[in-house]
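Reviewing the structure listed below.
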Amino acid sequence: MLNMNFDEQVFINTQQQPWVASPKEGVWRKPLAREDAERGHATSLVKFDPGASFSEHDHPLGEEILVLSGTFSDHSGDYHAGSYFRNPEGYRHAPFSKDGCTLLVKLHQFLPGDNEHVVIDTANESWSAGMGNLMVMPLHSYQGESTALVKWPKGERFQPHKHFGGEEIFVISGEFIDEHGRYPEGSWIRSPHMSEHFPYVEQETIILVKVGHL
């Protein structure tokens, strides 16, 4: 239905996308990839207006969330910007936001057997040294698929490399750059299996990176 050919390179600057009303009043979306209207594989930005809520529900093949702004809540607590979730199939909740929030949400994309419920407050986690001067915060790994935050210091250049199993990036802050283009805050880039690039930054930049899943 939308960007479901995983052999194609996709780039979306979400700052230039309009919010689209969801079937739930007070909840808005910017679709990035979607298998069907209201079910199946989906990657979206989701915005809760203050006071918006969902009734209790499950997520077939899981739900992955990064809180980008505001506070997201469910029966287990309140989660501010930087909170990362993996809610596996069978985990039921009724999310809401008292004051509003914006999320990056991935639905129906867990591998079979990946049943761990994960909650990480990235604002209080430490960074680890990565390649070159990069700093990395691992969030999840399962059967060759992994997700992490990566912090690029000002002026950092990475080595040219290929993406075995593809790569998906969301630019949280700063600007990510490669020979194909410039990707400001809010950009979503999905690169297919064995794609190649030579990335760098001119300012400190933080990205969410998912690899090995395409």
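The values are calculated or read from the model by the stated rules, or taken from the named source; none is laboratory data. Predicted model, so just to flag it, every value in this text is computed and none were measured. Cβ atoms come from the backbone with ideal geometry, glycine included; neighbour counts cover every protein chain shown. Calculation scope for accessible area: heavy atoms of the full protein, side chains included, ligands and nucleic acids excluded. Shrake-Rupley method; radii C 1.70, N 1.55, O 1.52, S 1.80 Å.
A quick yes/no check of all residues on (1) farther than 28 Å from residue 195 by Cβ; (2) buried (at least 18 other Cβ atoms within 10 Å of the Cβ); (3) under 16 Å from the mean Cα position of the chain (by Cα); (4) not assigned by the TED database to the domain that holds residue 197:
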{"position": "3", "(1), (2), (3), (4)": "no, no, yes, yes"}
{"position": "39", "(1), (2), (3), (4)": "yes, no, no, yes"}
{"position": "42", "(1), (2), (3), (4)": "no, yes, yes, yes"}
{"position": "62", "(1), (2), (3), (4)": "no, yes, yes, yes"}
{"position": "68", "(1), (2), (3), (4)": "no, yes, yes, yes"}
{"position": "83", "(1), (2), (3), (4)": "yes, yes, yes, yes"}
{"position": "89", "(1), (2), (3), (4)": "yes, no, no, yes"}
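Screening residue 106 against (1) open to solvent by 50 Å² or more (accessible area, probe 1.4 Å); (2) touching a residue at least 40 places away in the same chain (Cβ under 8 Å); (3) closer than 20 Å to residue 39 by Cα leaves a single unmet condition, (1). Residue count for region 44-60 satisfying the condition of being part of a strand (DSSP E or B), touching a Gly at 6+ places or on another chain (Cβ under 9 Å) and open to solvent by 30 Å² or more (accessible area, probe 1.4 Å): 2.
Kindly evaluate residue 32 against the criterion of being open to solvent by less than 50 Å² (accessible area, probe 1.4 Å), hydrophobic (A, V, I, L, M, F, W, C) and outside the structural domain of residue 191 (by the TED database). So residue 32 fits the description; yes. If you go through region 91-126 and pick out every residue that is aromatic (Phe, Trp, Tyr) and within 16 Å of the chain's Cα centre (by Cα), you end up with 1.
Taking residues in region 3-25 that are over 19 Å from residue 38 (Cα atoms), and partners anywhere that are open to solvent by 100 Å² or more (accessible area, probe 1.4 Å), the pairs with Cβ atoms closer than 9 Å and at least 6 places apart or on different chains are 9/180; 11/180. The C-beta contact set for region 55-75 (first residue free of Cβ contacts under 8 Å to residues at least 24 places away in the same chain, second residue outside any strand (DSSP E or B) and crowded, with 19+ Cβ neighbours inside 10 Å, distance under 6 angstrom, 6+ apart or interchain) comprises 74/95.
Region 99-142 holds strands (runs of 3 or more DSSP E) entirely within its bounds, and those carrying 2 or more residues that are under 25 Å from residue 201 (Cα atoms) map to 101-107, 135-142. Within region 6-29, the set of residues being under 12 Å from residue 191 (Cα atoms) and open to solvent by 70 Å² or more (accessible area, probe 1.4 Å) comprises 7, 8, 9, 11.
Can you name the residue in region 144-196 that is polar (S, T, N, Q) and surrounded by fewer than 20 Cβ atoms within 10 Å (Cβ to Cβ) and is also nearest to residue 14 (Cα to Cα) among such residues? That would be 173.
Among the residues of this structure, residue 134 does not count as one that is touching a Pro at 6+ places or on another chain (Cβ under 9 Å), at pLDDT below 95, aliphatic (A, V, I, L, M) and surrounded by fewer than 20 Cβ atoms within 10 Å (Cβ to Cβ).
Residue 78 passes every criterion in (1) open to solvent by less than 40 Å² (accessible area, probe 1.4 Å); (2) over 20 Å from residue 190 (Cβ atoms); (3) not in a loop (DSSP other than H, G, I, E, B) apart from (1).
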